[in-house]
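**Student:** My structure is below; once you've seen it, I'll send some questions.
The values are calculated or read from the model by the stated rules, or taken from the named source; none is laboratory data. Remember, it's a predicted structure, so these values are computed and weren't measured experimentally. Don't worry about glycine lacking a Cβ; one is built from the backbone with ideal geometry, like all the others, and counts go over all protein chains shown.
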Amino acid sequence: MTLADIWGAGGRAPGRTLLVGCGKLGIGLGRRLVAGGCEVVAIRRDPDGLPDEFEAIGADLRLPLAQKLPECDSVVITVPPDAAATAHHSVYVDVLINLADALPSRPGRVVFVSSTRVFEGRPGPQPLTEKDAPAPSGARSIELLAGESTAERLFDACIVRPAGIYGPGRDSLIRRVAEGAPVDGSRRTNRIHETDLVSLLEAMLRAESPPTLIHAVDQEPAPLGDVVSHIASRLGVAPPPPAVSESGGGTVLDGSLLAGFLGSLRYPTYREGYDGMLEARAAADGSRRPA
């Protein structure tokens, strides 16, 4: 399947796209949109470090804006979690309400990036799909779910729920294995490589009729022990020791909808993803490439 197949006949032009939050993920998406001829506006509290090709706005959307934002055709919301989140208040709700008030009109396409964390209250081996009801149990997951419902109400937004994002600069698991730090090997895990997540977000903007809700997960959920053992074998070190108490927790998420929408992933499993990261790491260190 080609990108043209994903986007439909001719696809949809994202047009001027507002990136709200615009951290590492937003920058990756924005650069791809600019390369495709789109205009990108990025808003975050500290605009320093945003690419020169973006129109940068420094503002805190947790508070009402004094001025209107520019007219935009598309919006992608990648707001980081609030360390002060509680089960009774969501920063996402504040941001979304203030965003809606600051926009001159409702954009034609809005994508809200949430998280598969909304399922943390229903661990188990049964694969969960987009049809399964969330079960938030902590303040962060409750906050995310409130953001999803607010984004749908205010913007008729499409919701993307990534699992654990990894990729260049997101190598904490590699460092833990190299250090021999204990891990809960029995924990069920899901992940998505940042490159594939950026591709999904662009496809959500360009598709004529994207899914209204999609889980961004690769094609192989795996116990954490399998993942760290693979990394250890590539590093040539012993697998990390097990945690004092193995939890057997975590969820299994079905990635069928994503696979059907994108057709294929550049990194369909953790093996391809971490192998690529380790090869880049070895090249940067000037050492021998992993076997």
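**Student:** Specify the residue that is farthest from the chain's Cα centre (by Cα); the eligible residues are those in the stretch 106-154 that are assigned to a helix (DSSP H, G or I) and over 25 Å from VAL75 (Cβ atoms).
**Tutor:** Restricting to residues being assigned to a helix (DSSP H, G or I) and over 25 Å from VAL75 (Cβ atoms), the top hit is ALA139.
**Student:** Also: Tell me whether the stretch 209-223 contains one or more residues that are more than 15 Å from the chain's Cα centre (by Cα), of a type in the set (S, T, N, Q) and in a helix (DSSP H, G or I).
**Tutor:** no
**Student:** Can you tell which of GLU120, GLU130, GLU143 is farther than 29 Å from GLU272 by Cβ, touching a helix residue (DSSP H, G or I) at 6+ places or on another chain (Cβ under 9 Å) and of a type outside the set (A, V, I, L, M)?
**Tutor:** Working: GLU120 fails: farther than 29 Å from GLU272 by Cβ; GLU130 fails: farther than 29 Å from GLU272 by Cβ.
None of the others qualify; the one that does is GLU143.
**Student:** Here's another thing I want to ask about it. Does LEU29 satisfy the condition of being in a loop (DSSP other than H, G, I, E, B), within 22 Å of ILE165 (Cα to Cα), at pLDDT 95 or above and not β-branched (Val, Ile, Thr)?
**Tutor:** It is false that LEU29 is in a loop (DSSP other than H, G, I, E, B), within 22 Å of ILE165 (Cα to Cα), at pLDDT 95 or above and not β-branched (Val, Ile, Thr).
**Student:** Okay, moving on. Name the pairs whose Cβ atoms lie under 8 Å apart, with the first residue in the stretch 272-291 and surrounded by fewer than 16 Cβ atoms within 10 Å (Cβ to Cβ), the second assigned to a loop (DSSP other than H, G, I, E, B) and modelled with pLDDT under 75, and 6 or more positions between them or separate chains?
**Tutor:** That search, which allows pairs on different chains as well, returns GLU279/ARG289; GLU279/PRO290; ALA282/ARG288; ALA282/ARG289; ALA282/PRO290; ALA283/ARG289.
**Student:** Show the residue pairs meeting these rules: Cβ distance below 9 Å; 6+ apart or different chains; first residue within the stretch 22-48 and within 17 Å of VAL111 (Cα to Cα); second residue surrounded by fewer than 20 Cβ atoms within 10 Å (Cβ to Cβ) and polar (S, T, N, Q).
**Tutor:** Listed pairs, sorted by first residue: GLY28/THR195.
**Student:** Of all residues being assigned to a loop (DSSP other than H, G, I, E, B) and hydrophobic (A, V, I, L, M, F, W, C) in the stretch 248-291, which is modelled with the lowest pLDDT? Just the residue, please. First the steps, then the outcome.
**Tutor:** Let us first name the residues in the stretch 248-291 that are assigned to a loop (DSSP other than H, G, I, E, B), namely 248-249, 251, 254-255, 263-269, 286-291.
Adding the requirement that they be hydrophobic (A, V, I, L, M, F, W, C) leaves 265, 291.
Numbers: LEU265: 96, ALA291: 46.
Here the residue is ALA291.
**Student:** Scan ALA35, ALA9 and give me the residue that is over 26 Å from ALA163 (Cβ atoms) and modelled with pLDDT under 95.
**Tutor:** Going through ALA35, ALA9 in turn, the sole match is ALA9.
Let's see how each residue does on (1) more than 19 Å from ARG153 (Cβ to Cβ); (2) at pLDDT below 95:
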{"residue": "ARG16", "(1), (2)": "yes, no"}
{"residue": "VAL40", "(1), (2)": "yes, no"}
{"residue": "ARG62", "(1), (2)": "no, yes"}
{"residue": "GLN67", "(1), (2)": "yes, yes"}
{"residue": "THR86", "(1), (2)": "yes, yes"}
{"residue": "LEU99", "(1), (2)": "no, no"}
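**Student:** Further question on the same structure: Out of (1) in a loop (DSSP other than H, G, I, E, B); (2) within 28 Å of ALA280 (Cβ to Cβ); (3) over 20 Å from the mean Cα position of the chain (by Cα), what's the single condition that is false for ALA178?
**Tutor:** (1)
**Student:** Write out, first by first residue and then by second, each pair whose Cβ atoms fall under 6 Å of each other, whose residues are 6+ apart or on separate chains, and whose first residue, in the stretch 103-130, is over 22 Å from MET204 (Cα atoms) while the second is in a loop (DSSP other than H, G, I, E, B) and polar (S, T, N, Q).
**Tutor:** PHE119/THR251; GLU120/SER137; GLY121/SER137; PRO123/THR251
**Student:** Quick one: which residue in VAL95, VAL79 is part of a loop (DSSP other than H, G, I, E, B) and crowded, with 20+ Cβ neighbours inside 10 Å? Step through it out loud before you land on a result.
**Tutor:** Working: VAL95 fails: part of a loop (DSSP other than H, G, I, E, B).
Step by step, each of VAL95, VAL79 is checked, and only VAL79 is part of a loop (DSSP other than H, G, I, E, B) and crowded, with 20+ Cβ neighbours inside 10 Å.
**Student:** It is to be established whether one or more residues within the stretch 203-225 are buried (at least 19 other Cβ atoms within 10 Å of the Cβ) and hydroxyl-bearing (Ser, Thr, Tyr).
**Tutor:** No, there is no match, as no residue in the stretch 203-225 is buried (at least 19 other Cβ atoms within 10 Å of the Cβ) and hydroxyl-bearing (Ser, Thr, Tyr).
**Student:** Looking at the stretch 243-266, is at least one residue closer than 21 Å to VAL160 by Cα, touching a residue at least 40 places away in the same chain (Cβ under 8 Å), surrounded by 21 or more Cβ atoms within 10 Å (Cβ to Cβ) and acidic (Asp, Glu)?
**Tutor:** no
**Student:** Out of the stretch 149-178, which residues are closer than 26 Å to ARG62 by Cα and surrounded by fewer than 20 Cβ atoms within 10 Å (Cβ to Cβ)?
**Tutor:** Residues satisfying the conditions are SER149, GLU152, ARG153, LEU154, ASP156, GLY164, ILE165.
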